[in-house]
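Have a look at the structure below before the remarks.
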Number of protein chains: 2
Amino acid sequence: MNHALAFAPASVGNAAVGFDLLGHSLAGPGDRVRAKRSAQPGVRITAITGLPLDLPRDPLRNTAGAAVASLLAATSPGFGIELEIEKGIPLGSGLGGSAASAVAALVAANALLDAPLPRAALYPFALDGEQVASGGRHGDNVGPQLIGGLVLTTPDRLIPVPVPAELRCVLLHPPQVLETRAARAVLSAPYALGEFVAQSTALALVLAGCWRNEVELIGEGLRDVLVEPRRAPLIPGFFAVKQSALDAGALGASISGAGPSVFAWCLDSQAEQVADAMRAAGATQHGAGRCSLWISPVAGPAAEVIECTM
Amino acid sequence: MNHALAFAPASVGNAAVGFDLLGHSLAGPGDRVRAKRSAQPGVRITAITGLPLDLPRDPLRNTAGAAVASLLAATSPGFGIELEIEKGIPLGSGLGGSAASAVAALVAANALLDAPLPRAALYPFALDGEQVASGGRHGDNVGPQLIGGLVLTTPDRLIPVPVPAELRCVLLHPPQVLETRAARAVLSAPYALGEFVAQSTALALVLAGCWRNEVELIGEGLRDVLVEPRRAPLIPGFFAVKQSALDAGALGASISGAGPSVFAWCLDSQAEQVADAMRAAGATQHGAGRCSLWISPVAGPAAEVIECTM
């Protein structure tokens, strides 16, 4: 393969119950990256288009560049790669935008290899990219973007979690930029053991509900008593949007990734009314038409190659 | 039914990854409680035998008495109940001894009712009993004792967790009494978010491994970075016993309940060598023959009625 274009979806990191550990992909916005073989070794970023973002072109300071550099270092394909990045996910939205650039770039670059790696084998390279953006090796965005659906992401593994087919995610993105580093700073104060037990219980309920296909357990568990209370003050209108979703019948709602996006899980049959309620609450806070909203399966899509030439 | 005798097994609370939330029953020691209908209303404890323990006879200060009092208050059977408690589980051993008295008493008393409740419906009454002993409503001992096996225990629910059939628990009980209250006192200092993430990851790995029937995931997850480091200094020889189990091939090892008992999970095929190693390490620390040791399925037994008359 000489050239490949790949799409990686946005994702909902943390998913309320699994801070840095659980996330799911979202059918909606995404990043696209075009990779081309080049006679010049190494990685070069030749264009960054799409949303107006001030991203570094230095490949080792760019999540996509750093991820592909790691892939090349591990596979030594005998050629270099040029990347064109088209951003579709706003920066600082809590939708895994930096992760999606890394994943789309890896999936496109991998397609150029004579012996492409299995999708999950790209995970460590994606973490190398994520680290450039966030300073940490958190897989809760790159993991679900790579393999789709709801995924447990340890430092070494991606473990797919089955999702009841009727579960939908409604996501509201308000017109606010929240830097991940700022959203992490509020988490540094110490925690009590009781908070840990309550949040572990929530995680266990959601996982049990998924594996047992019992939506009721998921609804009982889908809450964040640990991180959400500390981050919510950074997100004007968060509680109003969350409450609107719960009042409309959502199973639970919380902050997507580091925020400011707000997500809710609900049954397919209630997705429209939950979406209407969240849109109305967002309009009250931010003005009509200023928020974006998506409805997606919780078992969202994986990144994919959407165009290629030999 | 006029009289019933019930047995409740010991249990391994916390199970390394689920503090106050996860536990499993143990084929080995247990408590026995005989319940008899009485014309006198309410609960009376007429005998406490077995291991020499100084337990209160006041039914509302005794875990068995308090649990059965709650059952009677909820069911109004029109008769009272006399209890004879035979302790088989040492107090302060980390084996759920107070829980087992409550569970055995409930299972025996329930059998006397004209319309006995389903086993899981006894859970809230068992928590009432547990609260008398520990001051908290922790279900990680009474839950598995009631329904058997490995169980997630929230304040409202018992959720059975499937266990790979080849998993065994080796448990060493050293000659030491560790009061639960003392073992809880060392946990009050604050925790860092990173400790929480690491321990959540461990919990998720064990649950995923159980539901996916993948022993490798369980082995990767079975660790306690949160509570064990704070409690281990209260248990002389803990690290030597734990390390002996790991060296002999155990998947993981940690403190049973509040300690001082130490448990290890391993494959059936390695249970004997793990047991030999833990026994030898215990003998080095405490002297030959001074520790007790059991090998049990992780999916241990439930409490049961073992004798009754009309």
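Structure notes:
- Among beta bridges from DSSP that stay inside the protein assembly as shown, the antiparallel ones total about 85%.
- Solvent-accessible area per residue for region B:143-277 (1.4 angstrom probe, square angstrom): 34
- Taking the 1.4 Å solvent-accessible surface of the protein assembly as shown as the whole, the part contributed by carbon and sulfur is 53%.
- Label point of A:LEU53 (7 Å along Cα→beta-carbon): distances to the other copies' equivalent points are 6.0 nm, sorted ascending.
- Ranked from shortest, the separations from the 7 Å Cα-to-Cβ label point of B:GLN243 to its equivalents in the other copies are 5.6 nm.
- Taken over region A:171-310, the ratio of Cα radius of gyration to 2.2 N^0.38 Å equals 1.15.
- Each of the peptides B:247-257, B:30-40, A:213-223, A:112-122 was scored by the mean count of other Cβ atoms within 10 Å over its residues; in descending order, highest first, they stand as B:247-257, B:30-40, A:213-223, A:112-122.
- Fraction of antiparallel bridges per DSSP, region B:1-147 only, in percent to nearest 5: 70
- For region B:235-310, the ratio of Cα radius of gyration to the globular rule of thumb 2.2 N^0.38 Å stands at 1.29.
- Largest-first principal axis extents of the Cα set of region B:159-241 (Å): 37, 34, 26
- Neighbouring Cβ atoms from other chains, within 10 Å of the Cβ of residues in A:190-200, number 6 on average.
- Each Lys or Arg adds one and each Asp or Glu subtracts one; over the other residues with Cβ under 13 Å from the Cβ of B:LYS242, this totals -1.
- Taking 0.36 nm per residue of separation and subtracting the Cα-Cα distance, full extension of the segment from B:ALA39 to B:LEU60 would add 5.6 nm.
- Where Rh is the Kirkwood radius over Cα pairs, Rg/Rh for region A:204-277: 0.98
- Across peptide B:156-169, the average count of Cβ atoms from other chains found within 10 Å of a residue's Cβ is 2.
- In whole angstrom, chain A maps to an equivalent ellipsoid with semi-axes of 33, 20, 18, each derived as √(5λ) from the alpha carbon gyration tensor and ordered largest first.
- Highest GNM mean-square fluctuation among B:PRO155, B:PRO144, B:PRO124, for chain B modelled with Cα contacts below 10 Å: B:PRO155.
- Sequence ranges B:197-205, A:259-267, B:10-18, ranked by mean other-Cβ count within 10 angstrom, highest first: B:10-18, A:259-267, B:197-205
- Loss of accessible area when A meets B, both sides summed, Å² nearest 100, probe 1.4 Å: 2700
- Translational diffusion of region B:68-133, estimated by Stokes-Einstein from the Kirkwood radius over alpha carbon pairs at 20 °C in a medium of 1.002 mPa s, is 173 µm² per second.
- Taken over the C-alpha atoms, region A:1-64 has Rg and Dmax values of 15.0, 46 angstrom.
- Set against the 2.2 N^0.38 Å expectation for a compact globular protein, region A:16-123 has a Cα radius of gyration ratio of 1.07.
- Ellipsoid semi-axes in whole angstrom, largest first, where each is sqrt(5λ) of the Cα gyration tensor of the protein assembly as shown: 51, 28, 19
- Distances in nm from A:GLU304 to the matching label points in the other copies, shortest first (labels 7 Å along Cα to Cβ): 5.3
- Cα-centre dipole for region A:43-174 with unit charges at Cβ (Lys and Arg positive, Asp and Glu negative), debye to 20: 100
- Helical mean residue ellipticity (222 nm; -39500 (n - 2.57) per DSSP H run of 4+; nearest 500) of the protein assembly as shown: -10500 deg cm²/dmol
The values are calculated or read from the model by the stated rules, or taken from the named source; none is laboratory data. Please read these numbers as outputs of a predicted model, since none were measured by experiment. No Cβ is skipped: glycine too gets one built from the backbone with ideal geometry, and neighbour counts run over all protein chains shown. The protein model used for the area step is the full one, side chains on, heavy atoms only, and it has no ligands, DNA or RNA in it. Shrake-Rupley method; radii C 1.70, N 1.55, O 1.52, S 1.80 Å.
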